[in-house]
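Notes follow once the structure below has been shown.
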Amino acid sequence: MSIVKKANVNKQNVLMAHGSYDTLIDTPDQEYLGINLTEIAAMVANPQATEKADAAFIIPSSYRAHDARKHSAQREHGLYHYLALDIDEGSPSLTDVKQAVFSVTGDATALIYSSAGASDSNRKWRVLVPLAEPISGADYSDTQTTLFDIMRTEHGIKCDPALSRVGQPIYLPNVPPAKRDEFGQPLFYHQDRHRGQGYLQVAESRIWDDMQFRRQQAEIAERQAAHERATRQAARIARREASGDDLDPVAEFNARHTVEDMLLRCGYTRDGQSASYASRYQSSGSFATKCFGDYWVSLSGSDVGAGIGAVSGEAGGYAWGDAFDLFCHYEHNGSMRDAVREYARELRPANDYTAQREEIVREAMATKPDPLDGFDIIPDAVPQQGGIITPNAPQSPIFWARDAKPVLTASYLVKGWLGRGQMSVVYGPSNVGKSFFCLDMAFCIASNIEWQGSKVRGGPVLYLATEGGNAFHNRVVALRDEYSQPDVPLAVRPSPIDLLRPETDLARLIELCQSIEAEVGAPLSMIVVDTLSRAMAGGDENGPTDMTSFIANLDALRDATGAHIMIVHHSGKDTAKGARGHSSLRAATDTEIELDVDGSIRTATSTKQRDLEPKDPIVFQLKVHELGRDEDGDAVTTCTITEASEDDIADANQKRPSGSNQKTVVAAFKQLRGDGVGGENPTGAGWPESGKFWCIDEDRLKEFARGKMTAVNPSGAVISAMKALMASGYMVQNEGKIWIAAKEGRVV
């Protein structure tokens, strides 16, 4: 492997920006800031101390024009000066990461640093490998993906595939203030600035050789698949002409369903707006399936093993197929017979198989070597005297116990929480944060990013905000900031809607969904109805007629879009009985999520899962975001949800002061503290961690609180109140000093 050191590499600036709002897309006369290797190395030694929303990140390309954060612009104009790794899984040690990287790069220069979300028990890393010569945006994705695959297959280290995208931000070293101690030092941060033998000459490395070999294999597979597809199409046309039937269900399906739509419908993950996808079977993180308009080709061994479409090449080197092959595999368990029959009945509802036609098909099958032949053509029903032969009901497919095989694929939207194309209800009392919770989930699904620790197979989302519509502008702004996702396919409709009467809004809503799909270029993954009571437009939630009509309209919406339908609802007066309203709602629901609140702590619990293995409850709080100031100079705020820490939960469970006397003692303590009376706690037996809490002499507190009491016996009232506060655990006494054990009593 060739390693070269060139003087100009240190000085080459790559794009740097600060936070998701740092964009110049509308200012064509400007360009982004730049940062060079020397400056990045200095940041590795001394990381930023800022919130993620404002943290600096790079795109490792020297193209820094106003449109440089767009994937398409970088793919066309970009020159990349670093390879990059983002290791978020497996918690490998720094030593393991170094050994793996250097074995692949030949001891080239590398910068390694822990990411902002890392901890001693969950180590996460970013790696930058400077290049002696830059590579183009057209080569960057394939080079990155090849590097990721080598790291995974040879060293068991999984890298985030998102970094193969040409416009993907790579955050520079940062330890936010919340993850630093009282002296401003990181609670966890490790780095290694490895000089090695010099900068990597990637075009002479094994990474480049492997990448070029994969490209050659892909080109061969694409040519062969195109030829085999044309051959199969010609044979299908010939059989149709010979049969005299003008109906070809496979051809009709392919004419009405694009490969792109079917890939997304079947849970494939798209690489940005490119033509590359990853199936649910893949574990490598690469986007091994490529869409060629009328057909697709996959170089994934997992897809080949799963038997998607046709398998070709030496030793089953690749899989290929059309839209109908996806329909057959994912929605009919690979049974061509079942897939063709079902779609043929949709096309020709009056036509069904007769015993006579079944025999004709069986005879035809017996003369054909390809077991899939003979099912491309669905003959018309045979006219008989007195009408059409009464069809025999098709037998349900069975399998014997000895033939049972595990089904290891999952059709989830949010793993453990929501299934694709299903219906869910999120319910709870007023002011529990239902809209914040559901909008957070919708935003992550639209962003196709992990939600609260659960994997997501997402896509575009439509949020029907039937109440508090204007507030959703602020909520979405806060979410963009929280997740550093400036451009997300989340559409919000902030106005009332009637889903009780189908003649009112249903048709226009379906048209809206279709227009969103057309604009985004992908089918909707989820539609949120917030709330049920407003969307029922005055209907009777407790009556079977109105509730079943409402559910039927949601089913029609779901059938038209294929989207998961989430309903935001209220719990009844008796919260133990779940969501309010007629029982038909729960019967029709695949997933129920109950929200509960206790003080500042909120809990989301899955109370019903029809198909998924439920996750443990999520405990969260509302995080306040200040968005700016109004015309009166007052702060404009909104909230997002954030995971509650163990300290937050313990503090929320802490019994609060009750009664005027206890509150007077607490107020006295806080006033003394504000005046600087007392000091930080010492260390030793009976004390918490040194300097964690503010302590005041017990006698001083009693004397000061006594003067504030209005009771007949002030001294007795103070003593009783302090005993009660210490019995509840709110206050603690040791060696004649008092401190507040709740979170509000901490020094920092």
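Every number in this text was worked out from the coordinates using simple rules, so none of it is lab data. In this text the structure is predicted, and so the values were computed from the model without any measurement. No Cβ is skipped: glycine too gets one built from the backbone with ideal geometry, and neighbour counts run over all protein chains shown.
Here's how it looks for Arg180: its modeled amide H is under 5 Å from those of Leu187, which are all 5 or more places away or on a different chain. Could you pull out which residues in the stretch 662-696 have an amide N less than 13 Å from a spot 7 Å beyond the Cα of Arg656, following the Cα-Cβ vector? Label zone hits: 663.
Cross-link pairs exceeding 26 Å between alpha carbons, from the set Lys124/Lys434; Lys623/Lys723; Lys179/Lys737; Lys158/Lys615; Lys158/Lys623; Lys623/Lys743: Lys124/Lys434; Lys623/Lys723; Lys179/Lys737; Lys158/Lys623.
At R0 = 41 Å, how high is the FRET efficiency between Asp54 and Thr153 if r is their beta carbon distance? Nearest 0.05 is fine. Efficiency for this residue pair is about 0.65.
Averaging Cα coordinates gives a centre for the stretch 663-732 and one for the stretch 286-305; these two points are 68 Å apart.
Taking the Cβ of each residue in Arg223, Arg69 as the centre, tally the other Cβ atoms inside 10 Å and list the residues starting with the fewest. Present the calculation step by step, with values, prior to reporting the outcome.
Numbers: Arg223 11, Arg69 23.
Neighbour counts put them in this order, fewest first: Arg223, Arg69.
Under a 5 Å amide H cut-off, with hydrogens placed 1.01 Å from N, Thr607 pairs with Glu592, Ile593, Glu594 among residues at least 5 apart or on other chains. Per residue, the convex hull spanned by the alpha carbons of the stretch 443-566 comes to 110 Å³. With a Cα-only, solvent-free Debye model of the chain, what are the log10 I(q)/I(0) values at q = 0.06, 0.08 Å⁻¹? Those come out to -0.50, -0.84, one per q. Rounded to the nearest 5, the antiparallel percentage of DSSP beta bridges internal to the chain is 75%. Centre-to-centre separation between the Cα atoms of the stretch 324-341 and those of the stretch 96-165: 39 Å. Placing R0 at 30 angstrom, the Cβ-Cβ distance between Ala401 and Glu342 gives a FRET efficiency of 0.70 after rounding to 0.05. Extension gain, Ala727-Asn36: 0.36 nm per intervening residue step, less the Cα-Cα distance, totals 242.8 nm.
The mean sequence separation of alpha-carbon pairs under 8 Å and at least six residues apart, normalised by the residue count of the chain, gives a relative contact order of 8 percent.
What is the diffusion coefficient of the stretch 172-220 in µm²/s, taking the Kirkwood radius over Cα pairs and the Stokes-Einstein relation at 20 °C with a viscosity of 1.002 mPa s? Translational D for this selection: 143 µm²/s. Compared with the direct C-alpha span, the chain from Asp616 to Thr545 gains 22.0 nm at full extension, assuming 0.36 nm per residue. Annotation note: trypsin sites (Lys or Arg not before Pro) in the stretch 510-583 located in DSSP loop regions with a Cβ neighbour count of at most 14 within 10 Å are Lys573.
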